[in-house]
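Since the structure comes first, as structure tokens, the remarks are kept for the end.
The values are calculated or read from the model by the stated rules, or taken from the named source; none is laboratory data. Everything numeric here is computed off the predicted structure, so don't read it as measured data. When we count neighbours, we look across all protein chains shown, and the Cβ atoms used for this are built from the backbone with ideal geometry, even at glycine. The area values use the complete protein model at the heavy-atom level, side chains included, leaving out ligands, DNA and RNA. Shrake-Rupley method; radii C 1.70, N 1.55, O 1.52, S 1.80 Å.
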Amino acid sequence: MRKLFSVIAVLLGGFAMQLQAQSMREAFLKAPEELFPLLTDLCRADLIDYFDAGMTARVTNKLDGVTVLESLDDDFMQIATTRSSSVQVKMLPCADDTLFCVVRSVKAEVADSRIDFYDSNWNKLQVDGRFAYPAISDFFISDAEKYIGLCDMYLVSLTLNADDCTMVAEYTMPAYMNDGDAEKVLPLLRRIVYRWNGKRFVIV
């Protein structure tokens, strides 16, 4: 009888978690204004409606520019907030909650990204302990000491994967180097792949 009650409790618990779970569509509508300051509530709803209708999900934002919802599924979204900025949001599983991982990127000639984490109620969490930004030397396959002096800016692009809980980091500063220095450095660089292990992003 105790086993039966245990099974029922597990099933009911799982059912309750399903009821509490929110889709990315709901999360986008509830996200704090600081994440999408250029979008009104109506614009967010319109973007979802256009996307679900198979139309180009494009609206005029508060600066009279164009914002485009490029990707949206159950646990991931990508939005081009302006021509030179974008936001990716990924829902990540953890032991007692669902976390929102938010990567905001700005692109002039090259992309530079920042990452933040939020709980399921959009309360901001500490990045420390969940992700550690790589050092410039981490991107070098070899000869880091020889060429690290050429890398005088920390510009790193972070890209979340829509299909799984991985993320790619790339060092983008060489795009600002002169052709000669870039030719020396680029062959020595690698992309760093991270995987979410339920608590933090770790290098694969």
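Legend: calculated FRET efficiency, Asn197 to Leu42, from the Cβ-Cβ distance at R0 = 45 Å, rounded to 0.05, equals 0.70. Cβ-Cβ distance of Val127 and Glu183, R₀ of 41 Å, FRET efficiency by 1/(1 + (r/R0)^6): the value works out to about 0.75. Multiplying the residue separation of Ala95 and Leu150 by 0.36 nm and subtracting their alpha-carbon distance yields 15.5 nm.
Would the chain count as rounded, prolate or oblate if I go by the C-alpha gyration tensor, calling it rounded below 1.5 in a/c and otherwise prolate when a/b exceeds b/c, oblate otherwise? Oblate is the answer for the chain, as a/c is 1.5 or above yet b/c matches or exceeds a/b. A crude spin-label estimate for the pair Val66 and Asp138, with each label 7 Å from Cα along the Cβ direction, gives 3.6 nm. Tell me the angle of helix 2-20 to the major Cα principal axis of the chain, expressed in degrees between 0 and 90 and rounded to the nearest ten. Result, in degrees: 60. Comparing Ala144, Asn121, Thr172 along the charge dipole axis of the chain, the residue lying farthest to the positive side is Asn121, per the Cβ-charge model.
Would you mind checking region 183-204 for residues with the amide N under 17 Å from a putative spin-label position 7 Å along Cα→C-beta of Asp73? Output list for this probe position: 196.
Rounded to the nearest 20 debye, the dipole size of the chain about its Cα centre is 620 debye, using +1 on the Cβ of Lys and Arg and -1 on the Cβ of Asp and Glu. Protein heavy-atom accessible surface, 1.4 Å probe, per residue over the chain: 58 Å². Taking Cα atoms only, the orientation of helix 41-52 departs from the longest principal axis of the chain by about 90 degrees. Counted by Cβ distance under 14 Å from Lys62, the other residues give a net charge of -4, where Lys and Arg count +1 and Asp and Glu count -1. Going 7 Å from the Cα of Arg190 in the Cα-to-Cβ direction, what parts of region 141-159 have a backbone nitrogen less than 11 Å from that spot? Flagged as within label range: 141-142.
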